[in-house]
Structure formats: structure tokens, C-alpha cells
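Structure first, commentary second.
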Amino acid sequence: MSPKPLQHQVIEAMKKRVDAWRGFPLGHAPDAYPDEAPRYQPAAGGERKVSDTTMALLQHWFRKEPHLIGLEPRTYAFKYWPHQRRLVETFIYLHEVAGVRRTQDLYALTGVEKMGDQRDPWTKLGGQLATGSGKTKMMSLIIAWSYLNAVCEPDNGLGLGRHSILIAPGLFVKDRLLQDFRPLDHGAPVFWSDPVIPP
């Protein structure tokens, strides 16, 4: 039997680390929401605590009770799906808890043999979600995390900024992003229509 590709080894190692940091593993979409409150505390050597802003966001986004969305009488219950939660938690874990800034740091963290050093100086985090699985929703959470940490925790050393750039691969995707982030038909942007910002 051939060994798993390096990408899968990194993903599996990261899943275990994030589960330990959260305090429990996540299930799949049909599974019941966990009864346990997440810890979001260091669980391994070299891990750091998250900022107060990050902790407030994580506890708001991924609470056990559903968020109530909409205006009376048209409200509905809303929860982020486990795969969406895992993506956001992993981004935050890598950047804020583990301090990963370069690909070689990620390979060292997961104990996987590196494929080569990163050549440019910029921090890169990549996520992969299927079409229709909520990439725009996850982008809104990552943007809010970055912005609110830059505004509320300017001295925390995360290097996050107040500005974000979304790059679309084509006009169709650009139109969809504009519809969610800057609706022209007087709808609310995703930051207000979803429970992105805590009260």
C-alpha cells in the first residue's frame, strides 16, 4: 500500500491538532452539534492563547444554540456547518495559535517532510471547499477576524490589517462576490445578514 500524499498527511495532522485545541473532534453535517463548549486553549507545546477579540468571535460564531436570522415575522435558525467551522478554526489556529507564516513552518508543525522552502515573504493560508459549501460565508468570517483584531488588538503582533482584497477568477464570480459583499439591490451585505459581528 502506497503512503498517503503529503497534502493528506498535513491535513490529517492539522485536524488532530485543531481538535485538541478546540477540546473535541467535530462530526459531519448530519451529526448532532457537540454539547461541550469549545476550550480554544493551548493543548501542545509552542501554542499561544488567542486574543480576547478572537475568543469572542469564535464563541459567537460556533455557539451551541442557533443564531436567529432575519426580521420578524420572517426569522429562521442558523448554524455554521462543521466543515465551515473546521476551515475557520484551522486558519485561526495556524496563524494565531501556532504562528505559522511560511509553508516550511507548516511542514515542521505537522512533522511532514517539506517539499521545498517558500520563496516569497508573504504569509499564505489556503482552504479548499466544494462549490456551494459556503466559501463566501467563510471569507466573511476570516475578513471579520482580521479586521476586528487589527482594530481592537493593534498590539497583538498578528500582523493583520484593516483592509482585505478579494480576487475573483472571472466576471461571474466577481458579480456573485459583489452581490454578497456590496449588494447593489439594497440588500444587506453578508456581514450583517449573517451572524458575523457579535452584538
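Name every residue in segment 156-171 that is of a type in the set (A, V, I, L, M) and either part of a helix (DSSP H, G or I) or surrounded by 13 or more Cβ atoms within 10 Å (Cβ to Cβ) (or both), in order of residue number.
The answer is L158, L160, L166, L171.
Of the numbered conditions (1) under 16 Å from L94 (Cβ atoms); (2) touching a residue at least 60 places away in the same chain (Cβ under 8 Å), L6 satisfies every one except a single condition; which is it?
(1)
If I filter segment 49-58 down to residues being polar (S, T, N, Q) and in a helix (DSSP H, G or I), which single residue comes out as most open to solvent (accessible area, probe 1.4 Å)?
The residue in question is T53.
Suppose we filter G46, G70 for residues that are open to solvent by 40 Å² or more (accessible area, probe 1.4 Å), in a strand (DSSP E or B) and at positive phi; which single one remains?
G70
For segment 120-153, name all the residues that are in contact (Cβ under 8 Å) with a residue 12 or more places away in the chain and in a loop (DSSP other than H, G, I, E, B).
Matches in segment 120-153: T123, K124, L125, G127, L129, S133, G134, E153.
Tell me, yes or no, whether segment 172-193 has at least one residue that is within 24 Å of W81 (Cα to Cα), at pLDDT 85 or above, open to solvent by 60 Å² or more (accessible area, probe 1.4 Å) and in contact with a Leu (Cβ under 8 Å, 6 or more places away or on another chain).
There is no residue in segment 172-193 that is within 24 Å of W81 (Cα to Cα), at pLDDT 85 or above, open to solvent by 60 Å² or more (accessible area, probe 1.4 Å) and in contact with a Leu (Cβ under 8 Å, 6 or more places away or on another chain).
For T123, all conditions in the list (1) closer than 29 Å to V97 by Cα; (2) out of contact with any Gly (no Cβ under 9 Å at 6 or more places or on another chain); (3) surrounded by 13 or more Cβ atoms within 10 Å (Cβ to Cβ) hold save one; what is the number of the exception?
If we test T123 against (1) closer than 29 Å to V97 by Cα; (2) out of contact with any Gly (no Cβ under 9 Å at 6 or more places or on another chain); (3) surrounded by 13 or more Cβ atoms within 10 Å (Cβ to Cβ), just (2) comes out false.
So F191 fits all but one of (1) touching a residue at least 60 places away in the same chain (Cβ under 8 Å); (2) part of a helix (DSSP H, G or I); what number is the exception?
Against the list (1) touching a residue at least 60 places away in the same chain (Cβ under 8 Å); (2) part of a helix (DSSP H, G or I), F191 comes up short only on (1).
The values are calculated or read from the model by the stated rules, or taken from the named source; none is laboratory data. Just so it is clear, the model here is predicted, and its values are computed rather than measured. Neighbour counts are summed over all protein chains in view; Cβ atoms, including those assigned to glycine, are modelled from backbone coordinates with ideal geometry. Note: areas computed on protein heavy atoms with side chains; ligands, DNA, RNA excluded. Shrake-Rupley method; radii C 1.70, N 1.55, O 1.52, S 1.80 Å.
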